[in-house]
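S.K.: If you scroll down you'll find the structure; I have some questions about it.
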Amino acid sequence: MILALVLAGLAAALHCYIFVLESVRWTAPATMKTFGVASAAEAETTRGLAFNQGFYNLFLAIAVFLGIGLLAAGNIAVGATLIFVGVGSMFAASLVLILSDGSKARAAITQGTLPLLTLIFLIIAL
């Protein structure tokens, strides 16, 4: 169970970092390079979409962190449910990314590996 919770925490932390990139630092040159944004004009045009998407990642991370806390406190049903929904959504989003744009495979693998491992180890632990 501890391994599943550590992996869940890492997945949530990664999605908090993605939130910062998308919602706070979207127009920074390093972030633009990370996401393959070609120009400052393109970054400005897509800024609103990235801002919204970043918050989506943050809200998933919050659900996972709440689930970890509740599960650790003994509320297994609610805690596990929040973790499953949070990391399940993270993993599903990584599948959507790779299926919609194969050139984003590296990003999809980065985004989806920790959530997938969390799902596997949480299922084993429960």
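S.K.: In the range 86-126, which residue that is hydroxyl-bearing (Ser, Thr, Tyr) and open to solvent by 70 Å² or more (accessible area, probe 1.4 Å) is farthest from Lys33 (Cα to Cα)?
M.R.: Ser100
S.K.: For the range 1-27, which residues satisfy the criterion of being part of a loop (DSSP other than H, G, I, E, B) and free of Cβ contacts under 8 Å to residues at least 60 places away in the same chain?
M.R.: Arg25, Trp26, Thr27
S.K.: Checking the condition assigned to a helix (DSSP H, G or I), of a type in the set (A, V, I, L, M) and in contact (Cβ under 8 Å) with a residue 12 or more places away in the chain, which residue from Ala43, Ala30 passes?
M.R.: It is Ala43.
S.K.: Among the residues of the range 61-83, is any among the polar types (S, T, N, Q), in contact (Cβ under 8 Å) with a residue 12 or more places away in the chain, under 21 Å from Ile124 (Cβ atoms) and surrounded by fewer than 18 Cβ atoms within 10 Å (Cβ to Cβ)?
M.R.: Looking for residues that are among the polar types (S, T, N, Q), in contact (Cβ under 8 Å) with a residue 12 or more places away in the chain, under 21 Å from Ile124 (Cβ atoms) and surrounded by fewer than 18 Cβ atoms within 10 Å (Cβ to Cβ), one finds at least one in the range 61-83, hence yes.
S.K.: Still on this structure, please answer the following. Inspect the range 31-41 for any residue being of a type in the set (S, T, N, Q) and open to solvent by less than 70 Å² (accessible area, probe 1.4 Å) and give the result as yes or no.
M.R.: yes
S.K.: Another question, then. With respect to Gly48, is the statement that it is surrounded by 13 or more Cβ atoms within 10 Å (Cβ to Cβ) and small (Gly, Ala, Ser) true?
M.R.: So Gly48 fails the test.
S.K.: Next question, about the same structure. I want to confirm something. Restricting to the range 51-60 and keeping residues that are in contact (Cβ under 8 Å) with a residue 24 or more places away in the chain and within 13 Å of the chain's Cα centre (by Cα), which single residue is most open to solvent (accessible area, probe 1.4 Å)?
M.R.: Gln53
S.K.: Residues in the range 15-29: is at least one open to solvent by 60 Å² or more (accessible area, probe 1.4 Å), within 19 Å of Leu117 (Cα to Cα) and either in contact with a Ser or Thr (Cβ under 9 Å, 6 or more places away or on another chain) or among the acidic types (Asp, Glu) (or both)?
M.R.: no
S.K.: Are there any pairs with C-beta distances below 7 angstrom linking a residue in the range 95-121 that is part of a helix (DSSP H, G or I) to a residue that is hydroxyl-bearing (Ser, Thr, Tyr), with the two at least 6 apart or on different chains, and if so which?
M.R.: Short answer, once both residue conditions are applied: Ala108/Ser94; Gln111/Ser94; Gly112/Ser94.
The values are calculated or read from the model by the stated rules, or taken from the named source; none is laboratory data. Computed from a predicted structure; not experimentally measured. Glycine gets a Cβ as well: all are built from the backbone with ideal geometry, and neighbour counts include every protein chain shown. Areas reflect the complete protein model, heavy atoms only, side chains present, ligands, DNA and RNA absent. Shrake-Rupley method; radii C 1.70, N 1.55, O 1.52, S 1.80 Å.
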